[in-house]
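Read the figures in this text as sums done on the coordinates, not as results from a lab. Just so you know, these numbers come straight off a predicted model, no measurement behind them. Here Cβ is always computed from backbone atoms with ideal geometry, including for glycine, and neighbour counts include all displayed protein chains.
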Amino acid sequence: METDLPGKIGAQHLPLRDQVLAALRKGIISGDYPPGERLTEDRLAEDFGVSRNPVREALRVAEAEGFVVILPRRGAVVASPSSATIDDIFAVRERLETLAARLAAVRATPGDVVTLRAILDQARLATEHQDLRGVGELNSALHLRILEISGNPWLASIAKALYLHVQWVFQMTADVRAPHSWDEHIKLVDAIESGDGDLAESVALEHVGAAATAAHEIAGARPAR
C-alpha cells in the first residue's frame, strides 16, 4: 500500500510520543490506515523511524481518543466509527456549528468573508481534481475559521479535539459528499456575509443534518469495533 505518511520523525522539539501520536492520527484520519487495519508496533516503528516504546505510548493515547481499538490476541486495530459515535459527534456539531454560524453572521468583517471565500475556492479546486484528502482538510479549515470568526473563544477551544474526528468521518464519505458539501458551504458563507443570524443558523443546521445522514450511511456499512 502506497501512503503519503510523514517522513522519519524525531528532530522536532516535542516528546517522541507526541510526534508519533500526531503522525498516527494523520495517517488514520487521511485513510492511510483505514478502519479495521491492524497496527503492529513494529510496523509503526518502521513507518515513523522510531523505537517501539513511543509507538506503544501513542497507541494507548489513540485508543483513549477513539481512533484505535486494542483487542485481545490481535493487538491494535484502527477503529470504525459506530452509529453511536457518529450520533455523539453530530449532536455536538449541531449545537456548536449553528451557534458559531449565528455569531459569525453578526461579527464577520469583510476581511473574514474574503478568508472564507478563499477557502471555498481551494475546496472547489480540490473537488474538481478529486483531491479528497485536500477536501477533507479544507472542510475542517472552513468550519474552524467560522468558529474563530464567531468571536467566542470557548467554541474554538471545544472544537479542536472534535474536529479531528469530524475530519476522519468526513474523509470516509468524501467521495460522495465532496460536491454536495462544497455547495452547502457556499450557502453557509453567503448567509454569514448577509449578516442574518437566523438564516446562517438555519443553513448550518441543514448542512450538519446532510453530513450526519451521509456519515450514518457509511457507519451502517461497517460493523462497530
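Structural remarks
- Using 0.36 nm per residue and subtracting the Cα-Cα separation, the extra length available between residue 83 and residue 194 on full extension is 36.4 nm.
- Summed side-chain charge close to residue 209 - residues other than residue 209 whose Cβ falls under 14 Å, Lys, Arg +1, Asp, Glu -1: -3
- Nearest-ten-degree value, helix 153-194 long axis tilted from longest Cα axis of the chain: 60
- With both labels modelled 7 Å from their Cα along Cα-to-Cβ, the residue 52 to residue 121 distance reads 5.1 nm.
- Alpha-carbon centroid distance for the pair the stretch 31-97 / the stretch 160-175, whole angstrom: 13
- Fewest-first ranking of 48, 90, using other Cβ atoms within 10 Å as the exposure measure: 90, 48
- Among the listed values (i) 128; (ii) 105; (iii) 175, the one computed from these coordinates for volume of the Cα convex hull per residue in Å³ is (i).
- Spin-label pair residue 186-residue 60: with each label point 7 Å from Cα along the Cα-Cβ axis, the two points sit 5.0 nm from one another.
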